[in-house]
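Accompanying notes for the structure given below.
The values are calculated or read from the model by the stated rules, or taken from the named source; none is laboratory data. None of these values were measured; they are calculated from a predicted model. In this analysis, Cβ positions are derived from the backbone assuming ideal geometry, glycine residues included, and neighbour counts consider all displayed protein chains. Each accessible area value is taken on the protein alone, full model and side chains, heavy atoms only, with ligands, DNA and RNA left out. Shrake-Rupley method; radii C 1.70, N 1.55, O 1.52, S 1.80 Å.
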Amino acid sequence: MLPPGVRALYPFESHHLRLRNGYRMHYVDEGSGPALLMLHGNPTWSFYYRNLILGLRSHYRCIAPDHLGCGLSDKPRDWSYGISAHTDNVCELLTHLDLRDVTLVTHDWGGPIGYLAAIRSPERFARFITFNTAVSLLPLPGLLTVLRVPLVGPLVIQGLNGMVRAGLLTSSTKGRRVARNVRAGYLAPYDSWNHRLAILRFVQEIPLDGGHPNRALLTELEQRLHELSDRPHLVIWGLRDPVFHREYLAAWRRAFPGAEVHAFEDASHWVVEEATERILPLSRAFLARTE
């Protein structure tokens, strides 16, 4: 159960899909019209997109799942939590809802997961809106390496809920602290050691070393992005992001030279949380122009 203050910010009916692996994926499905599939990253959940859903559902069907282990989805202790497995789940949802002419909206790990799904089923996707994510293998901060150290990573991530708290801290810019009920919303699903396992596993899925199995997966994805280059792209970026720095934005420009790009100097990694009031009109205009 979400606290009343959080439910007021997230006033959506819950839906669940029983996946082939036996676990339940939670998702919201609001509004009607062309479908927008919104995929969150780590360590957030569909709550991250709540204001976009509220602002767009009058003209669009907004579908926002929680990856397994995240948000209001099941949080199994014995599932793989691999990126390919997360992609399988998204593809199941696409098939279950029979979504077509989809606009894919992605952030953080939602980017690789979503673009892998789009490469698998390109006929289902028409447009793309991208926020601070990566499908390119570029250098990442050394702190992520520290979080992969045995005992350190579990202690910081599962014990202290450090990833969520760090995200909230970096989103508190120019003296503007994230509101208490918003903080409660991001923290609510991750209220125990076991409920933070997916956050740790997402960190472990980052291919920091050459032998990591996801390196080949993301290399292939990067090489196949051109297959989607004929679809309209809107890229919105927080330039204060300590993880997906400006070189990642440059990589998106190279991959999709025809993309519409907006970069915010005063926003960080959780750009949708920090700049919704600017993102909504840009998204509406892009969707109307490319419909």
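Quick rundown of the values:
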| quantity | calculated |
| --- | --- |
| Matching residues, region 216-240, being over 30 Å from E291 (Cβ atoms) and surrounded by 15 or more Cβ atoms within 10 Å (Cβ to Cβ) | L217, L218, R240 |
| Wholly enclosed helices (runs of 4 or more DSSP H) of region 246-291 bearing at least 2 residues aliphatic (A, V, I, L, M) and more than 19 Å from the chain's Cα centre (by Cα) | 246-255, 276-290 |
| Residues located in region 15-30, provided they are open to solvent by less than 50 Å² (accessible area, probe 1.4 Å) and touching a residue at least 40 places away in the same chain (Cβ under 8 Å) | L17, L19, M25, H26, Y27, D29 |
| Meets criteria (at pLDDT 95 or above, buried (at least 23 other Cβ atoms within 10 Å of the Cβ) and either under 26 Å from L282 (Cβ atoms) or over 13 Å from the mean Cα position of the chain (by Cα) (or both)) for W45 | yes |
| Criterion violated by N51 - all others in (1) closer than 25 Å to L187 by Cα; (2) surrounded by fewer than 24 Cβ atoms within 10 Å (Cβ to Cβ); (3) in contact with a Lys or Arg (Cβ under 8 Å, 6 or more places away or on another chain) satisfied | (3) |
| Looking only at region 192-232, and only at residues there that are among the acidic types (D, E) and in a helix (DSSP H, G or I), the one that is modelled with the highest pLDDT | E227 |
| Qualifying helices (runs of 4 or more DSSP H) (wholly inside region 117-191; at least 1 residues being farther than 17 Å from H245 by Cα and in contact (Cβ under 8 Å) with a residue 24 or more places away in the chain) | 162-170, 180-187 |
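For every residue, the table says whether it meets (1) touching a Ser or Thr at 6+ places or on another chain (Cβ under 9 Å); (2) open to solvent by 10 Å² or more (accessible area, probe 1.4 Å).
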{"residue": "D88", "(1), (2)": "no, yes"}
{"residue": "L93", "(1), (2)": "no, no"}
{"residue": "H96", "(1), (2)": "no, yes"}
{"residue": "D101", "(1), (2)": "no, yes"}
{"residue": "I113", "(1), (2)": "yes, no"}
{"residue": "T130", "(1), (2)": "yes, no"}
{"residue": "P139", "(1), (2)": "no, yes"}
{"residue": "V146", "(1), (2)": "no, yes"}
{"residue": "V149", "(1), (2)": "no, yes"}
